[in-house]
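Heads up: the structure comes next, in C-alpha cells.
Just so it is clear, none of the values below were taken in a lab; they were calculated from the coordinates. In this text the structure is predicted, and so the values were computed from the model without any measurement. Cβ: placed from backbone, ideal geometry, glycine included. Neighbour counts: every protein chain shown.
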Amino acid sequence: MNQEKAEQAVRDLLEALGEDIHRDGLIETPKRVATMYQELLAGRAEDPAIHLGKRFPVEGSGLLLEKDIPFYSLCEHHLLPFYGTAHIAYLPGNEVVGLSKLARTVETFARRLQLQEQMGDQIAEAIMNELHTEGVMVVITAEHMCMTMRGVKKPGSKTTTIATRGIFTDDFARQGQVLSLIGQ
Ligand SMILES: Nc1nc2c(ncn2[C@@H]2O[C@H](COP(=O)(O)OP(=O)(O)OP(=O)(O)O)[C@@H](O)[C@H]2O)c(=O)[nH]1
Ligand SMILES: [Zn+2]
C-alpha cells in the first residue's frame, strides 16, 4: 500500500465532504485512517501456504471441525465491515494442520476487500490445495453493516454461506452432519 497516497486520498475525501481538514480533531486523521487500512487489508500480501505448509502426519483421523472462528472483513462494495464467525470442517488424508493455522487462514482472507461468498470459497480452495484433504466445508455467518447501518437498514439480518470441495460437494447428508455439529 502507498501510505502517502492513502493519506492524501483521506484528506481529499474529508475536504470533499465539507470538513475543515485543519481543525484540531482531524489533523492526524488521514494518517490514522491510512494506517488502519494497512492493518485491515494486510491479508492481501499473505500467502495462505505460509500457514498451511506446516503439517503433521496422522493415521485414520475422522472429521475435524473448527467452529466459531470470529472474523472482521470489509465489503468491497461499500468499504463497510462485515463480521461474524467462520466454521471449517475437513476430512484429513494422512496429514493435519495445527488448529491455529485454520484461524490464521480465515484472517488471511478476511483482511481483504471481500464478498462473503468469495471469502468462503477462497478458504475452502486453500485448504483443499494445501492439505490434500478428501474434502472441506466452510460455513460463514456474518452481519453486513452495509445492510444494517445504511441502505436497506435491517439490523440483525445475517447471511450464511457454504463453500465445499471434494467429498462434501453435493453430499447433503455430510453437509447436514457438519451443520448439526456447528449448531451444537
Ligand atoms: N452477494 C453479496 N452481496 C453483498 C455482499 N456485501 C454487500 N453486498 C451487496 O452488494 C449490493 C450492492 O448493490 P448496489 O445496488 O450496487 O449498491 P447500493 O445502491 O449501495 O445497494 P443497497 O445496499 O441496496 O442500497 C448490495 O445489495 C449489498 O447488500 C456480499 O458479501 N455478498
Ligand atoms: Zn456492502
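What the phi angles of the stretch 82-90 give under the Karplus curve with 6.51, -1.76 and 1.60, with θ = phi - 60°, is a coupling list of 10, 8, x, 10, 10, 10, 10, 10, 8 Hz, glycine and proline written as x. Between the stretch 73-127 and the stretch 160-184, the alpha-carbon centres lie 16 Å apart. Scanning residues 5 or more positions from GLY135 or on other chains, those with amide H under 5 Å from its amide H are LEU91, ILE167, with H placed 1.01 Å from N in the peptide plane. Springs between Cα atoms under 10 Å define the GNM used for the chain, and in it the highest mean-square fluctuation of ARG104, ARG11, ARG55 occurs at ARG11. Coupling constants for the stretch 135-151 follow from the phi torsions by the Karplus curve (6.51 cos²θ - 1.76 cosθ + 1.60, θ = phi - 60°), and in residue order they are x, 9, 9, 10, 10, 10, 10, 8, 9, 9, 5, 6, 9, 10, 8, 9, x Hz; glycine and proline get x. Within the same chain, aspartates and glutamates fewer than 8 places from LYS101 are excluded, and of the rest, those with a Cα less than 16 Å from its Cα are GLU46, ASP47, GLU66, ASP68, GLU125, GLU130. Result for the chain in a Gaussian network model with C-alpha springs under 10 Å: among MET137, MET147, MET128, the largest mean-square fluctuation is at MET147. Karplus-derived 3J(HN,Hα) values for the stretch 30-40, using 6.51 cos²θ - 1.76 cosθ + 1.60 with θ = phi - 60°, are x, 5, 4, 5, 4, 5, 4, 5, 4, 6, 5 Hz; glycine and proline are entered as x. Using a 10 Å Cβ count of at most 15 others and DSSP loop calls, identify the longest part of the chain lacking such GluC sites (Glu not before Pro). Free of exposed loop sites, the longest segment is 77-133.
For GLU19 and LYS153, the FRET efficiency from 1/(1 + (r/R0)^6), where r spans their Cβ atoms and R0 equals 30 Å, is about 0.75. With the radius of gyration and the Kirkwood radius both derived from the Cα set of the stretch 67-162, what is their ratio Rg to Rh? So for the stretch 67-162, dividing Rg by the Kirkwood Rh gives 1.02. Between the amide H of CYS75 and those of LEU80, PHE82, GLN114, distances stay under 5 Å, these residues lying 5 or more places away or on another chain, with hydrogens modeled in the peptide plane. The ratio of the alpha-carbon radius of gyration of the chain to the globular-protein estimate 2.2 N^0.38 Å is 1.22. Each residue, SER61 and GLN3, gets one label point 7 Å from its Cα in the Cβ direction; the gap between the two is 3.9 nm.
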